[in-house]
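Asks: Before anything else, here's the structure in question.
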Amino acid sequence: MKVNKRVILMTPSMSKGGAETQLLKIASYLQSKHHKVLIISLKPIDEFNGDIRKLGLETLFLRDWLRYPISNIQSLYKTVKRFRPDVIIAFMFVAIIFARLLKLKLNFKLISTIRISVMPKKWYMPFKLTDGLDDVIVYNSFASMTNFEKQKLVSKRGIVIHNGIAIPEHTKAGNDLVNDSFKWICIGHFRWNKDYLTLFKAIALLKHRNFTVDIVGDLNGELWPKKTIEELNIQDYVNIMGFRKETHTYLGQSDAFVLSSFSEGMPNAILEAMAYARPTVVTDIDGNHELIEKAQCGLLCEKQNEHDMASNMLKIMDMSVADREALGTKGQQHIKDGFSEEKVMGEWMQLIDRLAV
């Protein structure tokens, strides 16, 4: 079978996050279309539990940078030179910076893809110094593109390609709550930006109601969540499920989705909840705002404000099933219109074809 294009997808790590999940979807899609694909992870981190190997994707994991900085640089350069990519797609800032520097020596087209609307201070200077070496800049939300261009963090106009989301064939309506407890779902690993403390405090404010919150996400060795749950006396309301490969089962059993993050790009978790026609309560930050305002599928609350979050959760719980279903239907339609995997992968393929002539 003819190999059409040679594509490298470069990422800081293969952590189990939204950006890495999208990278894996793109890599798998390209390979299914008989393109030659290589994933380069700048760190030796693979949290996909064998999925990369099962997909048969060629991958290079660099070693610990504190111990092997010189050999990592040599390995990275030699691998890219030997692979002779037509296109490199660099995900997130450190990978973008590395790919830009490689482009000074090697001949390939560079797509830099930005997955968040805020530039971390530690990457500001190297990002600005290497600005302009990209052939195309891709954002996964209009909010991110607007912020970066308004702040003049990039010298050229970018384009938006949304995250690709699988849309279920059937979705179940929520409970009527006559006899059943309301079931919330929250999807996200216990990382700094998820701000689970605010969610826990909001739950504590609602202890007079009959509900539970299932949290699907890895604790990452953190001890404080369970301690905080005990201190707030909300053990009967919170179920920490840990990492689960397939979240659709939990989404299908839920009545609504909640997320307390104070920093996000375009969260896959919200997109998946919308695909499953679940009404949402999420913080009013750039990517979330863009989604919820356009789809009109839920409520926005002030970040790091447990009272506002609790108030909006209460509004959703007090709605009729029909009203919640109407919100969920709007969200699902929004995903079908702009975020379906077929549409998004087609946009990536068109971009690669245009660059690698």
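The values are calculated or read from the model by the stated rules, or taken from the named source; none is laboratory data. Keep in mind the model is a prediction, meaning the values are calculated, not measured. Neighbour counts are summed over all protein chains in view; Cβ atoms, including those assigned to glycine, are modelled from backbone coordinates with ideal geometry. All accessible areas refer to the heavy atoms of the entire protein, side chains included, with ligands and DNA or RNA removed. Shrake-Rupley method; radii C 1.70, N 1.55, O 1.52, S 1.80 Å.
Asks: Could you please tell me the mean projected area of the C-alpha convex hull for the chain, averaged over all directions and given in square nanometres to one decimal? Could the numbers behind the result be given before it?
Replies: Values: hull surface 73.5 nm².
Average projection, Cα convex hull of the chain: 18.4 nm².
Asks: Among MET313, GLN31, ILE292, whose Cα sits farthest toward the positive end of the charge dipole of the chain (+1 at Cβ of Lys/Arg, -1 at Cβ of Asp/Glu, about the Cα centre)?
Replies: Going by the charge dipole, the pick is GLN31.
Asks: Another question, if that's okay. Here are some pairs, LYS109/LYS156; LYS36/LYS103; LYS103/LYS156; LYS109/LYS294; LYS36/LYS121; LYS5/LYS54; which of them have Cα atoms lying more than 25 Å apart in this structure?
Replies: Those over the limit are LYS109/LYS294; LYS36/LYS121.
Asks: Same structure, new question: Tell me which lysines have Cα within less than 30 Å of LYS227's Cα, excluding those fewer than 8 residues away on the same chain?
Replies: Correct list for LYS227: LYS16, LYS183, LYS194, LYS201, LYS207, LYS245, LYS303, LYS315.
Asks: Using the Cα centre as the reference, give the magnitude of the dipole from point charges on the C-beta atoms of the chain (Lys, Arg: +1; Asp, Glu: -1; all else neutral), rounded to the nearest 20 debye.
Replies: 2080
Asks: Any chance you could give the angle, 0 to 90 degrees and rounded to 10, that helix 321-338 forms with the longest Cα principal axis of the chain?
Replies: Roughly 10 degrees between the two axes.
Asks: If I fit a long axis through the Cα atoms of helix 306-318 and take the longest principal axis of the Cα atoms of the chain, what angle between them do I get, 0 to 90°, rounded to 10?
Replies: For helix 306-318, the angle is close to 70 degrees.
Asks: Within the stretch 123-163, whose backbone N sits under 20 Å from a point 7 Å along Cα→Cβ of LYS33?
Replies: Residues 135-141, 159-163 qualify, since their backbone N sits under 20 Å from the label point.
Asks: Further question on the same structure: I'd like the carbon and sulfur percentage of the solvent accessible area for the stretch 225-352, probe radius 1.4 Å, heavy atoms only, ligands and nucleic acids excluded.
Replies: 44
Asks: Using a 1.4 angstrom probe on heavy atoms only, work out the carbon and sulfur share of the accessible area of the stretch 38-131 in %.
Replies: Ligands and nucleic acids excluded, carbon and sulfur give 58 percent.
Asks: What is the chain's relative contact order, in percent, from Cα pairs under 8 angstrom and six or more apart in sequence?
Replies: Numbers: 662 pairs, mean separation 53.0, N = 357.
Computed value for the chain: 15 percent relative contact order.
Asks: Say each of GLU342 and SER320 gets a label point 7 Å from the Cα, pointing the same way as Cα to Cβ; how far apart are those two points in nm?
Replies: 3.5
Asks: Please give the contour-minus-distance gain from LYS207 to ILE70: 0.36 nm per residue of separation, less the Cα-Cα distance, rounded to one decimal in nm.
Replies: Answer, rounded to one decimal: 43.8 nm.
Asks: Pick out, from ILE70, GLN332, ASN268, the residue whose Cα sits farthest towards the positive end of the charge dipole of the chain, with +1 on the Cβ of Lys and Arg and -1 on the Cβ of Asp and Glu.
Replies: ILE70
Asks: Mind pulling the angle between the C-alpha long axis of helix 341-355 and the longest principal axis of the chain? Nearest 10 degrees, somewhere in 0 to 90.
Replies: 20
Asks: Under a 1.4 Å probe, what is the accessible area of the chain per residue, stated in Å²?
Replies: 46
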